[in-house]
Amino acid sequence: MPAQPAVPAPPAHPASPATAGAGHRPPGQLTAVQLDRYARQLARCLKALGTDAPIRAEVQQELADVRAEQHARATASPPAIPEGTARR
């Protein structure tokens, strides 16, 4: 009878938004739609967390980073159109 594969133990601490695994991308690498969706998720998470939750400060910082990226994109000048290219 073959031995059963070992089940990995869960992490000692849950991953925070700031330290999530390989799937986590910095806000600057997200599309505008993804960034907006992520900001809403973080805001909902903050509403659900208790004020004494240890992870609250990390979630607040992540939301601040996302809002800063959104602001930077909103205030950035539009890309230049190369000369000779007609606008439609």
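Summed over segment 47-75, residues that are surrounded by 14 or more Cβ atoms within 10 Å (Cβ to Cβ), in a helix (DSSP H, G or I) and hydrophobic (A, V, I, L, M, F, W, C) total 3. In the set (1) at pLDDT below 75; (2) surrounded by 12 or more Cβ atoms within 10 Å (Cβ to Cβ); (3) hydrophobic (A, V, I, L, M, F, W, C), Leu30 fails one condition alone, (1).
The values are calculated or read from the model by the stated rules, or taken from the named source; none is laboratory data. Model, not experiment: these values are computed from the prediction. With ideal geometry, Cβ positions are generated from the backbone for all residues, glycine too; neighbour counts draw on all protein chains shown.
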